[in-house]
C-alpha cells in the first residue's frame with residue numbers, strides 16, 4: 001500500500017512539543033506543512049517567541065501557562081488531536097532533528113502491518129552528526145528499557161512515532177519530563193499494543209546537541225521511572 005496524501009493527510013495530526021524553540025520552530029513547521037496541514041504545536045510556557053513564530057508559520061498553537069515538560073505537552077496534543085477525529089497521530093520534535101519525509105513511510109508501513117503504532121529507529125536507519133557519547137547514552141537507555149519492559153527494540157528514546165487513534169487513546173502519559181519515552185513503551189506492554197520499528201534519519205546540529213540529553217538527564221529519567229514503578 002502506498003501512502004495517499006490526498007485521502008489520508010486530513011486524518012493525520014502532527015504534534016510538536018516546544019519549549020523555547022523560537023530559533024528553529026518556524027522552519028520545522030514550514031517543512032512539515034509541505035506534506036501535512038494539521039500541525040499542532042504545544043508551547044510549554046516558552047519565554048521566547050515560540051508561540052508567535054509558530055502561529056505565524058501556520059500551526060495551531062496551544063500554550064501551557066506553566067512549564068510541565070515534554071510528556072505533558074505530548075498528552076495535551078494527543079488529547080486535542082483525538083477530539084478532532086484524528087486517525088493517526090505523529091509525534092515530531094521541534095529542534096529540527098527529524099525529517100518529515102520519513103513520516104509517509106511510517107504511515108505506509110503502519111497501515112500495511114496492521115500494528116497499533118510505528119516507532120522510528122535511528123539505529124535501523126541513519127544518524128548524521130551524532131557524537132559517540134550520545135550513542136553510548138542512547139544504547140544504555142535502550143538496554144535498560146528492554147530489560148524492564150521485555151520489548152525487543154533498537155531505539156527507545158526516538159521522539160518520531162506514529163500512533164493509531166486506538167493506541168493514542170490508551171497511552172495516558174503521567175511522567176511530565178523526559179521519562180515519558182520509556183513510559184510509552186511500558187504502556188505498549190501493558191495494553192499489549194502491536195508495534196513496528198521503521199528506519200528513520202536523525203540529523204544532529206549544534207543547536208539540537210545543545211538541547212539534547214546528557215548523562216545527568218539520564219539519571220533524572222532513571223529516577224523518575226523508578227518512582228513511577230514504586231507508585232503502581
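A short reminder: the numbers here are calculations on the coordinates, not readings from a lab. Everything numeric in this text was worked out from a predicted model, so none of it was measured. Cβ: placed from backbone, ideal geometry, glycine included. Neighbour counts: every protein chain shown.
Can you pull out every residue in region 69-96 that is farther than 10 Å from residue 165 by Cα, touching a strand residue (DSSP E or B) at 6+ places or on another chain (Cβ under 8 Å) and assigned to a helix (DSSP H, G or I)? Of everything in region 69-96, those that are farther than 10 Å from residue 165 by Cα, touching a strand residue (DSSP E or B) at 6+ places or on another chain (Cβ under 8 Å) and assigned to a helix (DSSP H, G or I) turn out to be 70, 73, 74, 76, 77, 80. Would you confirm whether any residue within region 128-150 is in contact with a strand residue (DSSP E or B) (Cβ under 7 Å, 6 or more places away or on another chain), buried (at least 20 other Cβ atoms within 10 Å of the Cβ) and within 22 Å of residue 19 (Cβ to Cβ)? No - not one qualifying residue is present in region 128-150. Among the residues of region 5-19, none qualifies, meaning not one is in contact with a helix residue (DSSP H, G or I) (Cβ under 6 Å, 6 or more places away or on another chain), in a loop (DSSP other than H, G, I, E, B) and in contact (Cβ under 8 Å) with a residue 24 or more places away in the chain. What's the number of the only condition in (1) surrounded by fewer than 16 Cβ atoms within 10 Å (Cβ to Cβ); (2) within 23 Å of residue 10 (Cβ to Cβ) that residue 48 fails to meet? Only one criterion in (1) surrounded by fewer than 16 Cβ atoms within 10 Å (Cβ to Cβ); (2) within 23 Å of residue 10 (Cβ to Cβ) is unmet by residue 48, namely (2).
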